[in-house]
Amino acid sequence: MQIEKITRKGYSASLSKDQLWEIYKSMKTQRLLEDRLLKMYKGGQLSGAVYPGIGQEASMAGIAAGMNEKDIFGGTHRDLGVQIKKGVTLKEIALNFFGKHDGPSKGRDGNSHFGVVDKGTLMVVSPLPDSAPVAVGWALASQQSGSGVVAVANCGEGATATGTWHESINMAGVLNLPVVFTVQNNQFAYSSPNETEFGTPNVADRAAGYGIPAKIIDGNDIYEVIDVMHEACESAREGNGPSLIELVTFRHYGHAGHDPAEYVNEEVRDFWMKRDPIARFEDSLVEEGLFSTEQFVSLAEDLEAEIREALEWAKTQDDPDPINEVEDMFADRTTPTISNDESDTKTMNYIEAITNGLDELMENDENVFMMGEDIGVFEGAFKATKGLFNKYGPFRVIDTSISEGGFTGAAVGAALAGKKPIVELQFYDFVYPALDQITTEAAKYYWKAGKSVPMVVRGPTGAGTRSGPFHSISPESLLAHHPGIRVVAPSNPYDAKGLLVAAVNDPNPVMYLEHKKLYRKPDLKMEVPLGLYEVEIGKGKVVRQGTDITLVTWSGMVPVANEAAEVLSKENISVEVIDIRTIVPLDEEIILSSVEKTSNLCILQEDVPFSSIASEISSVVAEKGFWNLDNPILKVTPPNTHIPFAPVLEDAFIPSVEKVVKALKELQ
Amino acid sequence: MSQIVTMPQLGETVTEGTILRWLVKVGDEVKEDDPILEISTDKVDTEVPSPFNGTVSNLLVEEGETVEVGASLLELDGDKTNTNDTPLKEEPKEETNEENVQDTSPKVAEVQNHNISKTPNEKQNLKLSPVVRKLASEHNIDIEKVQGTGKDGRIKRQDIEKIISSGQGMISTEKIAEQPPQEKEKEMLTKESSNNISRLRKRIAENMIISKQTSAHVMTSIEVDFENIEIVRAKHKAKFKEENGFSLTYLPFISLATVSALREYPVVNSSFDLENGLHEIHNHINLGIAVDLNQQGLLVGTLQEADSFNLKGIARKISETSKLLRDGKYGLDDVSGSTFTISNNGSFNSFLTSPIINQPNVAILSTESVKKRPVVVQAQDGSDSIAIRHTGILSITWDHRVFDGSVALLFLNFIKERLENADWSQELD
Ligand SMILES: Cc1ncc(C[n+]2csc(CCOP(=O)(O)OP(=O)(O)O)c2C)c(N)n1
Ligand SMILES: [Mg+2]
C-alpha cells in the first residue's frame, strides 16, 4: 500500500526528537488502548460503551500538541486521544471505564465521558457539544483576567449542526474571545454523512457567518495539525480572537463498539486507509532518520503491556459507595458568612435592593461579573443593572447576543476558571434554551467532575403584568426538579439583597428568581442595610405568627398571603405565614414545626399545581408531619394551564386574596 | 408435604373469627372432614372440618384468639391424596333453564346497584384526623365523649385540647387510686360481675350498637283486625297441632303477608351501603325471624327463599328453625343472609315495640300481642255498633336513610290488607 507522505514545515519543524517521540507515543497509546477496549467490549468484559477514535490519532494528538499546557480543552466522547496527550493517564482512563471510585468521574459516568480539569480537559458529557459554551466561558475569564489561556472547543462535524455550537462560536466571534474551534470531520455523525448535517460543502465555510477565520486541513497529517493548531492558539492568545479549524479525517471503526459501520463504502475506506495517520508519521520519522521500525515495535510491546496492566489494576480498585451520592450533590462553602451590623441603611424598593447588591458585590470582588441581554448600555429591560455599565465597563457588565444557552454555558466555564458570574435572563421564561447548560453542565459538574461552579442565574419571574404566556413564568418547580442547583425566590428588598449576596458567595449554581410585580411595589419599600450582608440560603422565615393555620408561600405570593391572613384575623382565624425564601434546599423544619403548632397546612403558589413545589411541600408534610395534621393539606394555585394575557383571564389565573381566604375557611 | 388450614369465611360479611377450642393436638392423625376446631364468628359458632388428611404438626393460633378470615390456623403434615381440589362448600350449579325455574315473583327486581349521593354529615363524626387520633391516644381520651365543634360536628384538634386541659374524658388509672377504699372495692365487685359477658351477649351488644350507629331508625305502627284469621285458626288449631306437632300461631300468617308485601315493595327488601354509594335491592326474600333463646340471648333465624313457602310450609319452617336455634344445632345457612326480619314480640304479650334493625336489613317488623278488643264496626245499613274482635298492632322500624314514611306505611297497610282480607281458610283446607 502506497502511503501519502507528510513533512514538517511550521511549528512542528521546531519540535525536538523527544517531543516528537512523545507525540508519537500518545498516538500509539490511543490506538492500542482503544483497540484493547474494543476487544474487551466485544468480549463482554466491559460494560457501557467504547467510542473509538482510531484513525483520528493525528487530529487528536495534534490538537493537544498545538496547545500550551495551561490551555483548556473542551471535547466529546471521541477525544480520548486528546486527553492522553494532555496528560491524562492510562490508569485514570481505566478507572473511568470501570466506574471506579477514584476515577475522574467517580463512577458517575463511564467510558470516555470524563474530564480532568486540572490537566486541562473539561468534563465530557453526552449532549453535543455542550462543553463548547463552557470552553467559551473559560476563554471569557481568560480575556477578563489576561491570563493568556486559550480554550479549544472541539467536536465532530455532526455536532456543528446544533444551536449550542452556533451560539458558542457566534458569541466567541462577537466578544473576540481566545477560543479555537476545532471540528474533526470524520465523515460520519453516527451513521449520517456530511450532506445530512450541513448545507455548505465544508464545515469551515460557515466561519464567514461568524466573522472569524477558518482553515480546512488534513487531519491525518500530524505536522499540519500541529502547525495550524499552534498558529491558531497563538493568534487567539495575542488577542486576535477565535478561529475555526476543520480537520478532515476518518474513523476506522463504527460510531461505537456495537456499530459495524456497514454504511461506509469500501472505496472511501481504502482512500483513508492509505492515509493512516500513524503509518504516515512513522514513515516520516524513519525517513528523517529519527527513529527505527524496531523502536516502534518495541514501544508497541511496552505500551500493550502497560495498557493491560492498567486495565487489570483498575478492575481491582474500589467501587464507589452509594452512600456518598447524596452528599456529593453540592460543594460545601468554605468562605465565612459575611457579617454586617446593619446599622447603616437606606430605604429601597425590591429592584433597588437588587441593583445595590449587584453593585456592592462587583465592587467587593473583581471576579464577580455580569452577562445578559441589554444589561450594559441599556441597563437591562427592568433596569436592574442601573449604573453598573458606567461603573464597571464592558468587560464586567457584558451585553450578550440572544444566546441563553451560550452565555449560561459560558458562565459555567468562567466559574470553573475562578470567576463568579451572574447571568441575567431578560425574562425567566427564556430559561428553557439555557436549561441544557444548567442541568447538563452546571448542576452536574461538582457531582461528576468534583469542580464547584459558583454562578448565579437571575431574572424576573411571575405574572400579573399583562405580559402573557411567555413573560410570566414561575419556574421554581421546573428548576427545582433538577438535583445539583439551588433555587431562591426572595419576596422583599431585605431578603432580595441578602439572598443575592449569599447566592454569589455560594460555591454552587444558584437560580435567583425575582418577581417582577415586586420590583417597584411601593408598599414593599423598606430599610435595607448598606454594605454586604447575607440571608442564609435554605432558611425560611415566619413572616406572620399565627396559631390556627400554617400558610406556606414565597416570592410574589407573600403579600397575598399576608393580606389574606389579615382578613381572616378579623374573623378570629389566626394564620401563620411562612415565606420559605429558598426553594432548594427547602427549609422543611420551619414548615413542620409550624404545622406541629397549627395542625393545618395550606400552600399558596403562583406556579401551576401539577408536580410543583406545593405538591412537594405537601408530600414532605404528609410524610413527616402526618400525625400533626387536623385537616387535609390544601393547595391554592392557579389552574393547570398556561398563563393568559387578557386581563380578565390573568386575574382569574393568579391566586387572589379572596381565593386564599375562602380556601382557608374550609380548614375548620 | 405440609398443608395449612386457614380461617374459613363463614358468611359474606364475616371478616374474623375466634378460636373457641382445639379438637386436635400436635401429633394427632386427622382425616378429611374430621372436626379439628371450634370457632365463633359474629354469625355462628361452628366446628371446622379438616380439608385434608394428615398429621397435625403445628397449631398456629391459641384458643381465645381472634384472627382474620384467611389466617393460618393449623399445619398438617401428610399426603394430599384424599383431598379434593374443588372447594368443599361449592354448591351444585343452579339450573338456568328458564322453564325449570319456578318464578314466583315476577315483580321482584333484579339486583340493582343504585349510586346514591352521600350526605355530608353522614359518619363525618367518626372521621378522625391524624392529630386528633394521636392526641386522643396519647392522653387516653375516650373519643366517643368528645363533642366536635368543626364543620359538620367534626372533632378538631382544639376540641381534644380543651378536654386535655380540663382533664375530662380521660380514662385515668390514677383516679381509681385516689378513691376511698370502699368505693374501690365496690367498683371492683361490679367490674367482676360485668366482666362475664358471654360471647353471644357481646355479639348482640356490638351488633345493636353498630345498627344504631348505622341506620336512621324510625318506628311506625298500624292496627290490624285479626278476626278473620282467628276464625280460621280456631277451626284448624287442634287438627293442625295433631298433624304437625306444633301450634298454629299468628306468626306464619304475618310472615306470609310480609313476604307478599316485600315483593310489592322491593325497596324494603334491600341493603344500603352509604359509604360505597351502593344500594342493593335483593331479588330473593330471606325472611329473618328473631328467636329468643330462653332469655339467654337472641338469634335471628333465616328462612332462605321464604317466598317459596305456603302457609303450612312457612309455619313448619319457622318452628323447625326456632328449635334448631334454641338447641344450638343450627348451621350457617340457618342464621345468615336474611333480607328482612320479623321480631315476634307478641308472643311475650307486647303492646308496642320499637325494634332495632338487623343489619344489613333496612327494616324490621314487630308483631304485637293479638287480643280481644272492643271496636266500632259498621253494619251493612251504615249503622255503627261496638263489637269484640281480635286485634293487634304491627309496628315497623325502618331506615329513613333508605326510604321515607310513605313507603313504610304503604308497606304496613299492604300487610294489614292481606291479613284482614285474604282467604286464609283455603290455605289450610
Ligand atoms: C444533543 C445530542 N443529540 C444526539 C446525541 C447522540 N449522539 C452521540 S454521538 C452522535 C454522533 C455525533 O457525530 P459527530 O458530531 O460527527 O461526532 P463523531 O461521533 O463523529 O465524533 C450522536 C447523534 C448526543 N450525544 N447529543
Ligand atoms: Mg463525525
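Bear in mind these aren't lab numbers, they're just calculated from the coordinates by the rules spelled out. Everything numeric here is computed off the predicted structure, so don't read it as measured data. Positions of Cβ are backbone-derived with ideal geometry, glycine not excepted, and every protein chain shown enters the neighbour counts.
Quick look at the values:
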read-out: For the protein assembly as shown, Kirkwood radius (reciprocal of mean inverse C-alpha pair distance, Å); value: 37.9 Å
read-out: Ellipsoid equivalent to segment A:267-306 - semi-axes via the Cα gyration tensor, in Å; value: 23, 16, 5
read-out: Directionally averaged projected area (convex hull, Cα atoms, segment A:428-574), nm²; value: 10.4 nm²
read-out: Taking A:Phe407, A:Phe626, B:Phe253 and counting other C-beta atoms within 10 Å, the order from fewest to most; value: A:Phe626, B:Phe253, A:Phe407
read-out: Under 13 Å, Cβ to Cβ, from B:Lys329 - net charge with Lys/Arg +1 and Asp/Glu -1; value: -4
read-out: Where only alpha carbons of segment A:109-218 are counted, the Rg and the Dmax (Å); value: 14.1, 42
read-out: Summed residue charge, Cβ within 13 Å of A:Leu299's Cβ, Lys/Arg positive, Asp/Glu negative; value: -4
read-out: Among the listed pairs A:Lys635/A:Lys662; A:Lys539/B:Lys134; A:Lys659/B:Lys151; A:Lys386/A:Lys419, those beyond 24 Å (Cα-Cα); value: A:Lys539/B:Lys134
read-out: Residues whose placed amide H lies under 5 Å from that of A:Val552, excluding near-sequence neighbours; value: A:Ile578, A:Cys602, A:Ile603, A:Leu604
read-out: log₁₀ of I(q)/I(0) at q = 0.25 Å⁻¹ - segment B:292-334, Debye sum with one point per alpha carbon; value: -0.87
read-out: Overall form of segment B:271-429 per C-alpha gyration tensor (a/c, 1.5; a/b vs b/c); value: prolate
read-out: Kirkwood Rh (inverse of mean 1/r, distinct Cα pairs), segment A:511-668, angstrom; value: 16.2 Å
read-out: Loop-located trypsin sites (Lys or Arg not before Pro) in segment A:567-668, at most 12 other Cβ atoms within 10 Å (DSSP); value: A:Lys570
read-out: Filtered trypsin sites (Lys or Arg not before Pro), segment A:272-316: DSSP coil and at most 16 other beta carbons within 10 Å; value: A:Lys274
read-out: Gyration tensor (alpha-carbon) shape descriptor, segment B:384-429, a/c threshold 1.5; value: oblate
read-out: The protein assembly as shown - mean residue ellipticity at 222 nm from DSSP helices (-39,500 (n - 2.57) per run, n ≥ 4, rounded to 500); value: -10500 deg cm²/dmol
read-out: Distance (nanometres) between label positions extended 7 Å along Cα→Cβ at B:Asn283 and A:Asp523; value: 6.7 nm
read-out: Using alpha carbons only: equivalent-ellipsoid semi-axes of segment A:239-379, gyration tensor based, whole Å; value: 57, 27, 20
read-out: On Cα atoms only, tilt of A:163-175 relative to the major axis of chain A in degrees; value: 90 degrees
read-out: Base-10 log of normalised Debye intensity for segment A:51-183 (one unit scatterer per alpha-carbon) at q = 0.11, 0.14 Å⁻¹; value: -0.35, -0.58
read-out: Distance (nanometres) between label positions extended 7 Å along Cα→Cβ at B:Thr15 and B:Asp423; value: 5.2 nm
read-out: Sparse-neighbourhood loop sites, GluC sites (Glu not before Pro) in segment B:192-288 - DSSP loop, at most 10 other Cβ within 10 angstrom; value: B:Glu275
read-out: Selection from A:Ser147, B:Thr339, A:Phe389 lying farthest towards where the dipole of the protein assembly as shown points positive, charges on Cβ; value: B:Thr339
read-out: Distant-in-sequence amide H partners of B:Ala387 (H built 1.01 Å from N, under 5 Å); value: B:Val375, B:Val376, B:Val377
read-out: Computed FRET value (nearest 0.05) for A:Leu649 with A:Phe610, which takes r as the C-beta separation and R₀ as 25 Å; value: 0.85
read-out: Selection from B:Ile160, B:Asn358, B:Gly313, by position along the positive dipole direction of the protein assembly as shown (Cβ); value: B:Ile160
read-out: Point-to-point label distance, A:Trp627-A:Glu342, nm (Cα→Cβ direction, 7 Å offset); value: 3.6 nm
read-out: Summed residue charge, Cβ within 9 Å of A:Gly10's Cβ, Lys/Arg positive, Asp/Glu negative; value: -1
read-out: Distance violations [Cα-Cα > 18 Å] among A:Lys70/A:Lys119; A:Lys106/A:Lys448; A:Lys70/A:Lys448; A:Lys39/A:Lys119; B:Lys323/B:Lys372; value: A:Lys70/A:Lys448; A:Lys39/A:Lys119; B:Lys323/B:Lys372
read-out: Residue-span extension gain [A:Asp318 to A:Thr641] - 0.36 nm each, minus C-alpha spacing; value: 111.3 nm
read-out: Nearest-0.05 FRET efficiency for A:Asn68 and A:Lys274, computed from C-beta distance (R0 30 Å); value: 0.35
